[in-house]
Structures are given as C-alpha cells and as structure tokens.
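No value in this document is a laboratory result; all are computed from the given coordinates. Everything numeric here is computed off the predicted structure, so don't read it as measured data. FYI the Cβ positions are ideal-geometry reconstructions off the backbone, even for glycines, and counts take in every protein chain you see.
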Ligand code: ADP
Ligand code: MG
C-alpha cells in the first residue's frame with residue numbers, strides 16, 4: 001500500500017476538490033485522529049458511531065461527510081444534525097458553513113427552541129440543504145409538517161449522551177419515526193452509556209464503532 005505523503009493528509013480522501021482546497025485555506029492540513037478513523041467509512045456511506053473527547057474535531061468529521069454528498073441544486077433538506085443546545089447548534093452550523101465556503105450556494109439553517117417560529121417558517125419555505133437544530137423544535141416542525149425530510153440522506157446525532165441527559169429521548173424517538181430510510185446515520189458522543197447502545201441498535205444499520213482516546 002502506498003503511504004500518504006503526510007500523516008492523515010486530507011488529500012488521500014475521496015473529497016470534492018472544492019472541499020479540499022477550502023480545507024487548505026482554513027489551515028486544516030492533517031486530519032485529527034477521529035477524522036482519520038471515521039472519514040473513510042463515512043465517505044463510503046457507512047453508519048458510524050464515533051466516541052471522542054471535546055476538541056477532537058468531530059464536527060468536521062460529520063460535516064465533511066454530509067457536505068460531500070449534497071446536491072446543491074436540490075433545495076430540499078438532505079442532511080440534518082441534532083444537537084443538545086442552541087449554542088452547540090450555532091457552533092456546528094458555523095463550522096459547516098466554514099467548511100462549505102467554496103461549494104456553490106449551500107444553505108445551512110438552524111432550528112432551535114427559543115427562536116422565532118414565524119422567521120423559521122419563512123426560512124424553511126425558501127429551502128435549505130442542511131438543518132442543524134435541537135430535537136424539541138425539530139420534532140415540533142415535523143409534527144406540524146412544516147419540515148419535510150423526503151430527500152434526507154444523512155442524519156447526525158451530535159453529543160448524543162448530552163441530548164439524552166437533557167431528556168430529549170422522546171423527541172428523538174418521534175423524529176426517528178419520520179426520517180426516511182435508507183439513509184446514513186452518524187452518532188457522535190463523548191461517552192457510551194447503555195441507553196446510547198440501545199438507540200444505536202434501533203436507528204442504525206450495522207454501525208462501525210470508533211473510539212479515540214487522545215485529543216489529536
Ligand atoms: P469536537 O466536536 O470534537 O469537540 P470540534 O469539531 O468543535 O471538536 O473541533 C475543535 C476545533 O478544532 C475547532 O476549532 C475546529 O475548527 C478545529 N479543527 C477540527 N479539525 C481540524 C483539523 N483537521 N485541523 C485543524 N483544526 C481542526
Ligand atoms: Mg462537538
């Protein structure tokens with residue numbers, strides 16, 4: 001097997017050239033450990049459970065995975081990320097927008113509790129490629145049929161352990177009843193209580209499990 005020129009270079013991945021050139025301009029020269037382990041199966045379309053500490057680069061792992069498979073001409077939602085809080089959803093949306101900077105016209109929208117409903121409805125009507133939000137508000141939009149997920153290709157549960165700690169299991173269960181399959185499901189968490197094991201068995205297809213101890 002050929003060795004990559006540098007350890008964990010992004011160029012060895014099957015990424016869209018605009019994503020690769022953007023990573024270079026962002027100064028992302030090497031994949032972090034969790035990215036190096038999870039990106040190949042994520043880009044191959046597999047379901048992945050990834051466990052890694054805060055700061056290990058989990059957002060770019062799923063962010064690149066979902067951006068790489070978006071059809072920019074389709075303004076229906078193709079990827080959705082569930083996060084425990086509005087602050088985290090804002091951070092994830094910002095990072096995905098940064099990663100998407102050189103892709104044509106990708107709209108990333110946040111849907112969180114405490115945000116104005118009317119503004120969300122008019123934004124939704126204009127269409128978006130990616131939704132990042134908290135389970136409660138997303139479930140509310142699905143119940144009211146103001147959010148359509150017919151074209152969803154990737155679902156991400158970020159900080160899954162914190163979402164469960166915050167009591168989001170019923171909202172997540174309701175969301176899972178609405179999301180289409182087949183789809184790719186990615187689950188990121190710092191810890192793996194048995195509740196997460198059980199959820200993953202219900203919502204994922206033979207997931208690959210990755211555990212990274214170190215920061216980078
Ligand atoms: P986590 O979700 O695992 O806590 P983040 O996704 O928030 O971690 O990433 C932590 C920081 O590392 C962010 O500031 C992000 O921009 C940066 N980062 C992620 N991947 C890389 C990389 N490959 N090279 C350089 N910086 C990176
Ligand atoms: Mg994170």
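What number of residues within the stretch 42-61 satisfy the criterion of being more than 9 Å from ligand 2 (Cβ to nearest atom) and assigned to a loop (DSSP other than H, G, I, E, B)?
Residues meeting the conditions: 5.
Looking at residue 67, is it more than 10 Å from ligand 1 (Cβ to nearest atom) and closer than 26 Å to residue 11 by Cβ? If you could, list the steps in order and put the result at the bottom.
Values: more than 10 Å from ligand 1 (Cβ to nearest atom): yes; closer than 26 Å to residue 11 by Cβ: yes.
Yes; evaluated as a whole, the condition is true for this residue.
Scan the stretch 57-75 residue by residue and report those that are over 16 Å from residue 26 (Cβ atoms), crowded, with 22+ Cβ neighbours inside 10 Å and out of contact with any strand residue (DSSP E or B) (no Cβ under 6 Å at 6 or more places or on another chain).
65, the sole residue that qualifies.
Within the stretch 70-84, take every residue that is assigned to a loop (DSSP other than H, G, I, E, B) and in contact (Cβ under 8 Å) with a residue 60 or more places away in the chain and give me the one that is nearest to ligand 1 (Cβ to nearest atom).
By that ranking, first place goes to 83.
If you scan the stretch 42-57, which residues turn out to be within 14 Å of ligand 1 (Cβ to nearest atom) and out of contact with any helix residue (DSSP H, G or I) (no Cβ under 6 Å at 6 or more places or on another chain)?
Scanning the stretch 42-57 gives 51, 53, 54, 55.
Which one of these is within 16 Å of ligand 2 (Cβ to nearest atom) and under 22 Å from residue 172 (Cβ atoms): 64, 88?
One residue alone meets the criteria, 88.
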